[in-house]
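The values are calculated or read from the model by the stated rules, or taken from the named source; none is laboratory data. In this text the structure is predicted, and so the values were computed from the model without any measurement. When we count neighbours, we look across all protein chains shown, and the Cβ atoms used for this are built from the backbone with ideal geometry, even at glycine.
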Amino acid sequence: MAKFEKGNKLGGRKPGALNKSTEMMKLTIARAVNTTLDTIQADLIAIKKKDPVKAMELALKLMEYTMPKMRSIDMNGTIDVNAKIQQISVNIMKGTDERIEN
């Protein structure tokens, strides 16, 4: 009996090819989604009349597929400052607590 070796072209599916049951499942789901997309707005309006909270939950779930989620980004870094203090001036002024009488 011959041993299978990598690269041997004995046939079989090409890389990435779907088997028949997977292909049929994806096709069935795609058809169901297309049918649902045709009536989704009317369906949401009908749900909103009966249960506004549920309609809002569904709308928010649908938005996840159209709008990217915002994520916080932490930025860490260092800055090298090569500056020298040239001059420091200090002005001492008399406080404004004293009252001037006329």
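Among the criteria (1) surrounded by 10 or more Cβ atoms within 10 Å (Cβ to Cβ); (2) at pLDDT below 80, the one Ala46 does not fulfil is (2).
Sort out which residues of region 18-46 are among the basic types (Lys, Arg) and farther than 30 Å from Met56 by Cβ, and write them in order of number. So that I can check it myself, show each step before the final result.
First pass over region 18-46, keeping only residues among the basic types (Lys, Arg): 20, 26, 31.
If the condition is that a residue be among the basic types (Lys, Arg) and farther than 30 Å from Met56 by Cβ, then Lys20, Lys26 are the ones that fit.
Just one of the listed residues (Gly12, Gly16) is loosely packed, with under 10 Cβ neighbours inside 10 Å and modelled with pLDDT under 75, namely Gly12.
If we scan region 61-68, do we find a residue that is assigned to a helix (DSSP H, G or I) and not charged (D, E, K, R)? Can you show your working first?
Step one: filter region 61-68 for residues assigned to a helix (DSSP H, G or I), giving 61-63.
Checking the rest, the ones that are also not charged (D, E, K, R) come to 62-63.
Scanning region 61-68, I find at least one residue that is assigned to a helix (DSSP H, G or I) and not charged (D, E, K, R), so the answer is yes.
Here Glu57 meets the list (1) surrounded by fewer than 10 Cβ atoms within 10 Å (Cβ to Cβ); (2) part of a helix (DSSP H, G or I); (3) acidic (Asp, Glu) almost entirely, failing just condition (1).
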